[in-house]
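Asker: Pasting in a structure now, in structure tokens, and then I'll have a few things to ask.
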Amino acid sequence: MDSFAQKPGAPRAPRFFVLEQYYLRNGSQPGRVLAFLEKGALAARRRLGLPAPAAVLEALVAAHMPQVACVTPYDSLDQWMQARARLAADEDYRGALAAMEAGEEAPYEEYSETLVEAAPYSPPLPAALPALPQPRVFELRLYHSPTERQLKALHERFAGPEIPIFHRSGIHPLLYGSTLAGPHKPNLVYLTPFDSLAAREKAWAAFGADPEWVKVRAESIGRHGQISSVIQIALYRAASWSPLR
């Protein structure tokens, strides 16, 4: 993927993202996890000067409901491991974790961590998004490719003609990457904010009808076959205190 590396002088984008997903059941679990993430994890990371989640999201539509997801950027794998070690040694963080885990009911059914390597064309994360009168919608998409060869072709298509078509259709992803350690490999994942569900529907309709996209897709299938065999989609809203919301 060196052929579409980031241009010299461009703002630096994170090299990795860690996607944490907490799979919950209705009751006390969502509130307990969100309280821990806000008053424990996020507060400790800021106090210690560690990378903090860019987005803390509550699922609107997902394979498992309810669900809370966090997306945290890192410049290196060492930075991720050092952050984990410093949190594990921090007394206040450990206290917040113990408070979340206290009680007869577990705080979650299970949770997962997926390590995502950012694509070279993934943009720098904004510090904030423009304020809206209503909560925006975040869409997380995962495209599974049958082979590594076809995943490379998928990245090349995104880095070439597809992203400009996205942008003129009203689709502006915050990040693009592929799972380095986690399920559904090989894949391409990306996270997109929309002003509303209606704005999302309008944007995807415009994209699907774009004549250049119809041509690009047909050419791509002709050269490489169907390069995304499974598509997973989840919709979220940001927690009220999420950095990106």
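Laboratory data are not the source of any read-out in this text; all were calculated from the coordinates shown. These numbers come from a predicted model, not from an experiment. Positions of Cβ are generated from backbone atoms using ideal geometry, with glycine treated the same way; all protein chains shown enter the neighbour counts.
Asker: Sort K185, K215 so the one with the fewest other Cβ atoms within 10 Å of its own Cβ comes first.
Answerer: Going from sparsest to densest Cβ surroundings: K215, K185.
Asker: Can you pull out the GluC sites (Glu not before Pro) in the range 109-180 that DSSP calls coil and that have at most 16 other Cβ atoms within 10 Å?
Answerer: Answer in residue order: E109.
Asker: Right, here's the next one. As a check on your grasp of the helix formula, calculate [θ] at 222 nm for the chain: sum -39500 (n - 2.57) over DSSP H runs of n ≥ 4, divide by the residue count, round to the nearest 500.
Answerer: The per-residue figure over the chain is -9500 deg cm²/dmol.
Asker: For Cα pairs less than 8 Å apart in space and 6+ apart in sequence, what is the mean separation divided by the residue count of the chain, i.e. the relative contact order in percent? Provide the component values of the computation, followed by the final result.
Answerer: Numbers: 442 pairs, mean separation 68.9, N = 245.
After rounding, I find 28 percent.
Asker: Using alpha carbon centroids, what distance separates the range 114-142 and the range 56-72, in Å?
Answerer: Measuring centre to centre over Cα atoms gives 14 Å.
Asker: In percent, how large is the relative contact order of the range 17-133, given Cα pairs closer than 8 Å and 6 or more residues apart? Before the final figure, lay out each step's value.
Answerer: Working: 148 pairs, mean separation 49.1, N = 117.
Computed value for the range 17-133: 42 percent relative contact order.
Asker: Picking from V61, P30, P73, whose Cα lies most toward the positive end of the charge dipole for the range 11-75 (charges on Cβ: Lys, Arg +1; Asp, Glu -1)?
Answerer: P73
Asker: Show me 95-102, 41-48 ranked by packing, highest mean number of other Cβ atoms within 10 Å first. Don't jump to the answer; show the numbers that get you there.
Answerer: Values: 95-102: 14.9, 41-48: 16.9.
Ranking, from highest mean packing down: 41-48, 95-102.
Asker: Quick one: which of 222-231, 58-67 comes out on top by average Cβ neighbours within 10 Å, and what's the full order, highest first?
Answerer: 58-67, 222-231
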